[in-house]
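Okay, so here's the structure we're looking at.
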Amino acid sequence: MMYLDNAATTLYKPDTVGEAMKDAVNHHLYGNPGRGTYDFALNSARLILQTRKLIRDFFHADETYEVVFQNSATMGLNTLLKGLLVPGDHALATSWDHNAILRPLYQLQKNGITFSLISSEPATGTLFYQELEQKLRPETKLLICSHASNVTGNVLDLDQIKTFCQKHQLLLIVDVAQTAGQIEIDLHDHLIDAICFTGHKSLYGPTGIGGICLKKTLPVTPLLSGGDGIRSFDKEQFPQLPSLLEAGTPNIPGIMGLAKGIEYIKQKGIAAIQKQMDTFTSILYHRLHSNSNFTLYGDFSGSRVGTISFNYQTIDSAQIADYLWEHHQIATRSGYHCAPKMHEALGTAKQGTVRLSFSTFNTPEEINQLVSILESI
Amino acid sequence: MSQFGLLLFSSTHDAMTVEAQLKQSKYSIRLISTPHALAATCGFAIKYPLEEEHSIFAQIKEKQLPVEKRFHAEGEKFQFYYQEVEVKGD
């Protein structure tokens with residue numbers, strides 16, 4: 001079996017991730033944090049505090065930022081969009097964006113919030129950065145973007161976007177679900193107001209845990225309210241991060257697993273991981289790009305994550321993915337990858353694409369074997 | 001009759017942050033549930049021995065730790081009296 005759907009979730013995790021989660025349940029050491037001052041509750045509270053710091057350091061964020069845990073990047077993006085935008089506001093987003101950004105925006109549109117999408121070049125999917133200025137309005141409040149396309153694997157020119165947002169005093173929110181753990185994410189210059197991350201993709205943690213790393217000054221109205229162990233007689237959520245955005249009991253096994261995933265990445269080093277992903281992409285590109293049966297999508301000259309999309313002739317991408325699984329036990333992802341605007345730009349709205357996405361547990365031998373199988377279709 | 005000091009916080013997160021800092025400096029502190037006589041909250045407070053107070057307060061000031069209020073407690077078993085400690089220059 002060959003697993004190549006790591007952009008959906010990494011199937012193979014470091015052993016330490018599962019062990020930590022098992023310990024969280026079996027060792028009877030972790031209680032409900034913030035609800036007691038006996039050791040079990042405090043063990044959890046201390047562990048969460050340490051993991052917040054681990055994550056903040058991982059993203060090179062200083063103490064002006066806070067980490068709040070959510071159950072996914074989707075929840076984080078919903079929290080920020082619905083907690084920051086009010087009727088009359090306008091937002092900028094991009095055609096690279098996942099439905100985790102697009103659908104909350106469509107939902108907000110019904111409440112008097114407007115948004116514009118920065119479009120992409122048809123052939124490569126490269127963003128038309130010149131549209132940033134064209135689509136700016138006096139009421140534009142924020143720009144939200146996916147750091148990398150989950151279809152092409154291309155990475156945005158974040159420096160250009162940061163400069164634009166700084167110039168126009170827009171809030172900048174970046175979805176790093178596809179990039180965290182694969183390329184360096186650096187908040188030290190304070191030009192990004194918030195990033196949303198998920199644990200279960202290239203951070204090698206479990207599903208059900210993600211979060212937001214955001215400036216403490218960001219005025220977010222919470223999406224959820226409820227118990228937090230603080231000021232129980234108050235009718236509103238405690239107005240300070242992280243409690244403000246963390247109503248309810250946190251996912252302790254998930255947080256413990258996520259911490260181990262991040263420690264694994266730190267041990268391997270982001271530069272080494274990036275090099276490994278580039279090797280896989282390069283094998284595929286060099287063996288397939290001149291084969292007229294295959295169309296490879298995206299720009300292969302710039303910064304990338306370990307994701308690549310292709311089509312074979314004009315055959316439905318679902319049929320190719322099914323063939324790879326049925327005959328060769330190769331797990332890939334066909335269709336639209338919850339990124340409809342990118343597929344419209346690439347001209348693949350009918351065919352979809354077959355997406356291959358890698359992890360540190362893949363090998364060059366596997367990728368070469370895959371290409372040989374593709375060539376023999 | 002026992003006597004000790006208490007530090008109060010505006011959030012459990014602040015309490016955990018201050019606890020980690022003070023533990024690093026080896027103070028004999030302990031997190032406890034905030035006495036209801038002091039605040040209608042189920043949050044955390046830090047209990048410390050009075051003989052370490054001067055040094056702890058100096059560290060709070062130096063590191064700008066997010067302490068909301070400070071009290072002295074005196075009593076025994078379940079009967080304690082609390083007096084707020086005013087800190088000049090804070």
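Just so you know, all these numbers are worked out from the coordinates, no wet-lab data involved. Everything numeric here is computed off the predicted structure, so don't read it as measured data. Virtual Cβ from ideal backbone geometry, glycine too; neighbours counted across all protein chains shown.
Structure above, values below:
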item: Square roots of five times the Cα gyration tensor eigenvalues for the protein assembly as shown, Å; result: 48, 25, 18
item: Rounded to whole Hz, the Karplus (6.51, -1.76, 1.60) HN-Hα couplings of the stretch A:37-47, x for glycine and proline; result: 10, 7, 4, 5, 5, 6, 4, 5, 4, 5, 4
item: Using alpha-carbon coordinates, inclination of helix A:15-26 to the longest axis of chain A, degrees; result: 40 degrees
item: Inter-chain shielding of B:26-35 (mean C-beta neighbours from other protein chains, 10 Å cut-off); result: 2
item: Test item: A:227-234 mean partner chain Cβ contacts at 10 Å; result: 5
item: Taking chain A and dividing mean pair separation by its residue count, relative contact order in percent (alpha carbons under 8 Å, at least six apart); result: 24 percent
item: For B:5-14, mean number of other protein chain Cβ atoms within 10 Å; result: 5
item: Karplus-derived 3J(HN,Hα), 6.51/-1.76/1.60, for each residue of the stretch A:270-280, Hz, glycine and proline x; result: 4, 4, 5, 5, 4, 5, 4, 5, 4, 4, 4
item: Contact order relative to length of chain B, as percent, for alpha carbon pairs under 8 angstrom and 6 or more apart; result: 38 percent
item: Of every Cα-Cα pair in chain B, the percent that sits beyond 17 Å; result: 44 percent
item: Cα-based helix-to-principal-axis angle, A:99-109 vs chain A, degrees rounded to 10; result: 60 degrees
item: Cα-based equivalent ellipsoid of the stretch A:257-377: semi-axis lengths in Å, sorted from largest, via gyration tensor; result: 25, 17, 15
item: Nearest-ten-degree value, helix B:53-63 long axis tilted from longest Cα axis of chain B; result: 40 degrees
item: Amide hydrogen neighbours beyond the local backbone of residue B:9, cut-off 5 Å, H modeled; result: B:68, B:69
